[in-house]
Amino acid sequence: MNKNLRVVVWGSVALLGAAALGMVALHRGEPINALWLVAAATCCYALGYRFYSAFIAAKILAVDPLRATPAERLENGRDFLVTNKWVVFGHHFAAIAGPGPLVGPVLAAQFGYLPGTLWVIAGAVFAGCVQDFVILLFSVRRDGKSLTEMAKEETGPLGGLVAYVAVIAILIILLAVIALVVVNALKDSPWGTFTIAMTIPIALLMGIYLRRIRPGKVLEVSVLGFILVLLAIWGGQWVAHNAELAPVFTFRGQTLALLILIYAFAASALPVWLLLAPRDYLSTFVKLGTIGLLGIGIVVLHPTLHMPAFTRFIDGTGPVFAGKIFPFAFITIACGAISGFHSLISSGTTPKLIARETQTAMVGYGAMMAESAVAVMAIIAACVLQPGVYFAINSPSGIVGQTAAAATTTISNWGFPVTVQDMQSLASAVGEHTLFNRTGGAPAFAVGMAHIFSQSLGGGSVMALWYHFAVMFEALFILTILDAGTRVARFMIQDALGHVYKPLGRTSWYPSILGTSAVIVAAWGFFLWQGVKDPLGGINSLWPLFGIANQLLATVALCVATTIIIKMHRAKYAGVTLIPLAWLVAVTFTASWHKIFDASPRIGFLAQARALASAPGTAANSRLILNNQLDAAVTAGLVVMVALVLIESIRQWLGVLRGQREIVMRETPFVRTRLAEDRI
Amino acid sequence: MRVLKTGARILLATLQEIFDEASYRRFLERTGLPSSPEAYENFWREREDAQARRARCC
C-alpha cells in the first residue's frame, strides 16, 4: 500500500472511530444501536494496534526480529517449541479468556452503558494490552521466566515474595467469587443444575474415550462431548417439567455451595486426564464457538441498547454493588480492561512458543484486544435488556425487597419501570420459576444473550434453550477454573512446603495432595460460604475484593515492567507503563480505602461490622461481623504488600536514574536467529 | 481460494495445538511409538504436572 493510500485508510478509521465514540458518548435520551459500540471499539483497537503497539515495540522495547527466542534456542518438543504465530495467538487467547470479562462488565452496567464501554476500550488499549505485551516480551528475553521470578530478579526478593503471595490470595478470592456466580445462576433451577451436573459424566466419558478408545483424538471427542452437552440442555427442559425429577435437581444456594466444594476437592485430586483435561477441552470448544457466535450475532442482528448512557447509580447507591463510578466501575470491570492474571499467562506457556520477538505484539497486545472485545459484547448483552429487568435480575432481595411485588415497586420507583407480569413472562420464556435476585452477572448475561439470539435463530420459542446454553457455557468453564485454579494453588503451596519437609513437595504423594487440596478448598470455600450467607447477595462484597486483588497483581506486573524499561535506559518513555501503573494505584488504593473504612455499611467492611454489632446479637450476626472484619484484613494485607513492592520499585528507579545503583539486567545474551522464514 | 485454504490450515493447526493433538503427535515422533492407549498414557504421565500447573485466567 502506498503512503497516500495508507494515510487515507487510517485517516478514515480514525474519523469513523471518533464519530462512533462521539455517538456513544454524547447520545442521550433515546436508545442507541449496539453497532455504534462495535464500531467505536473496532476502530480504537485497530488504531491502538497499528500505532501504539508499534510505537512501544520500536521505541521502548526495541523488538529485534533477528534475536533468537527461547522457543528456538531451548526447543525440546515439549515446553519450548517454535510455533506458528496464529497458533500461539489462539492458544494465548484461549488461556486468558474466562468468565471475568463477561461478568464484570454486566455488573458495571448498573452505571449505564457508557462508563463500562469507555473503560473497556481505553483501559485495554492503554493499559491491559500494554501490560500483556511488555510482560510477554520481557519473559521471552528471560528464557520464559515467570512473573514471580522476574519480580524477584528485577525488583528484589520482596517483589518475588509479594507476587507469590498475591497470586495465591487472588486465586483463592477468584475461585470463591466465580463459584458464587455459579451458585447464584443454578439455585432453584433444576434445568440449569441438571445440565451442569451432566457435564461431569460427559467429561469423564470423554477422558475414558481419549484414553482407551481413540487416543489423542481430542477434536473428535470434543465434538462428541459438545453434542452430548446439547442433548443435556434439551433434556434439562424435560427434567424441569417432570414432577418427580425436578425436586431432585432443585437446590438452595447453601446446598449448591456444599456440592461445589465437595466436587472441587474431588476433582482436584483426580488424575488430570480423567476430568480436568477433557472438561478443559470441552469448555474451550464451547467458549471459542460461543464467543464467535455472539460476535456474529451482535453484528448481524445489531440490537438496540435500552440501558441509558448513565443511570442514577453513578452516585454510589447502586443495588448491584455499592460505590461510586470512581473507583468501583474500574475495579468491577477488571479483566475486560486490564487483568493482573494475564501477566501470569504472558510469562507462563506463551513465551516458550513464540518464534520471533516481532510476534509478541500480535500475541500479547492482540489477544488482550480480543478479550476486551468480549467485554464489549457482555456490555451489549446486559444493556439490550430493559433496565427494569436488568435491575430485577441483578439486585439482591436485601435491597429491593423479599417479594416480587416489593422488588418491582422499588425498581420502578427508581425510574426503571418493570412489573411482576414482565418478570413472570420472561422467567417462563427462559424456563425458570423466577429471575428475581439472580445476582452475580451470569443470569443477566444469559438472558441478554438469549434475547439477542432468539431474535433470529429460532425465535422466542427457543429462548429457554438459548438461556440454558448461556448458563451452561459460563458454568462449564467456571467449573474448569475451579478445578485448575485449586490445582495451581495446591502446587504453589506444595512447592513452598517442600522446602520445609521434602515429602510435602512431592506432587504424587497422596497425603500431601489431599492435605493441600483441603487447605485451598477450605480457604476459597470460606469466602464462598460467606457470600452465600450474605443477605446482600455476596457479590456486593466479594466481587470488589476480587477486582482489587486482580488489579493489585496488575500493579505488581507494571512495577516490574517499569523497572525493566528504566533499566533499559528508556526512562523518557516509561510513561507507557508508569501512567497505567499510577492509575491502577489510584484506583486500587482508593477502592481498598473505601472497602475498609467507608462509613456506609453497604461499602465499608468495618462499617458493616459495626452496623451488625449494633443490631440484636445472634450467632449469624457474629459470623457476619467476623467475615466483614476478615475481608477488611485481607484487603489491607493485599494493599500493604503491593505498597511495599511499589516502594521497592521506586527506590530502584531513583537509584538507576541518579546513577547510584548499578544496573543489573537479567536478559539472556543476544543470539542470532537461525530460523528460516518458512518455519515461522 | 489459496487464502481460504491457508486460513483453514492455520485454523486447524491452532485447534490441534489448543486441544493438545499436536503435542501428542510430537510425543509420538519423539519417542517413535505408534499411537495406542499405552502411548497416550505415557504422554499424559509426562505432561500431567505441567498441565496441572497451567493457569487459566479469570
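General observations
- Proximal aspartates and glutamates to A:Lys533, defined as alpha-carbon separation beneath 20 angstrom and excluding residues fewer than eight positions away on the same chain: A:Asp188, A:Asp631
- Dipole in debye (nearest 20) - region A:46-187, about Cα centre, beta carbon charges: Lys, Arg +1; Asp, Glu -1: 180
- Amide proton proximity set for A:Ala68, modelled H, under 5 Å, gap of 5+: A:Val671, A:Arg672, A:Thr673
- Relative to the longest principal axis of the Cα atoms of chain A, the long axis of helix A:34-47 lies at roughly 10 degrees.
- The convex hull drawn around the Cα atoms of chain A, when projected onto a plane and averaged over every direction, covers 31.3 nm².
- Counting only other chain Cβ atoms within 10 Å of each residue's Cβ, the peptide A:81-89 averages 4.
- Dimensionless Rg over Rh [region A:232-371; C-alpha; Kirkwood]: 1.03
- Chain A, relative contact order [Cα under 8 Å, separation at least 6], %: 25
- When the charge dipole of chain A is built from unit charges on Cβ atoms (+1 for Lys and Arg, -1 for Asp and Glu) and taken about the Cα centre, the candidate among A:Pro327, A:Pro396, A:Ile260 whose Cα reaches farthest toward its positive end is A:Pro327.
- The residue among A:Ala561, A:Ala19, A:Val521 whose Cα reaches farthest toward the positive pole of the charge dipole of the protein assembly as shown, with charges on the beta-carbon of Lys, Arg, Asp and Glu, is A:Ala561.
- Between the Cα long axis of helix A:539-567 and the first principal axis of chain A there is an angle of about 10°, rounded to the nearest 10.
- The mean count of C-beta atoms from other chains within 10 Å of the C-beta of residues in A:208-214, rounded to a whole number, is 2.
- Helical mean residue ellipticity (222 nm; -39500 (n - 2.57) per DSSP H run of 4+; nearest 500) of chain A: -22500 deg cm²/dmol
- The dipole here belongs to chain A: it is taken about the Cα centre, uses +1 on the Cβ of Lys and Arg and -1 on the Cβ of Asp and Glu, and is about 1340 debye.
- The calculated FRET efficiency for the pair A:Phe226 and A:Leu630, based on their C-beta separation and a Förster distance of 51 Å, comes to about 0.80.
- Rounded if a/c under 1.5, otherwise prolate or oblate - region A:214-271, Cα gyration tensor axes: oblate
- Theoretical gain in end-to-end length, A:Val462 to A:Arg610 [0.36 nm per residue, Cα-Cα removed]: 48.4 nm
- Taking a ≥ b ≥ c as the square roots of the eigenvalues of the Cα gyration tensor, region A:79-171 is oblate, since a/c reaches 1.5 or more and a/b is not larger than b/c.
- Put simply, the amide H of A:Ile32, placed in the peptide plane, has neighbours under 5 Å in A:Leu305, leaving out anything fewer than 5 places away on its chain.
- Relative contact order (%) - criterion: Cα under 8 Å, at least six apart; region: region A:533-680: 25
- Among A:Met665, A:Tyr45, A:Tyr467 the positive-end extreme of the charge dipole of chain A (Cβ point charges): A:Met665
- Against chain A, whose longest principal axis comes from its Cα atoms, helix A:463-498 is set at around 50 degrees.
- Projected label distance in nm at B:Ser35 and B:Ala50, using a 7 Å step from Cα toward the beta-carbon: 2.0
- A:Ala571 paired with A:Ser622, simple spin-label distance in nm, labels 7 Å along Cα-to-beta-carbon: 5.8
- Virtual spin-label span in nm between A:Arg658 and A:Tyr501, 7 Å along Cα→Cβ: 4.7
- Dipole check for region A:93-175: with +1 at the C-beta of Lys and Arg, -1 at the C-beta of Asp and Glu, and the Cα centre as origin, the magnitude is about 20 Debye.
The numbers here are math on the coordinates, done by the rules we state, and not lab data. All figures in this text were calculated on a predicted structure; none of them were measured in a lab. In this analysis, Cβ positions are derived from the backbone assuming ideal geometry, glycine residues included, and neighbour counts consider all displayed protein chains.
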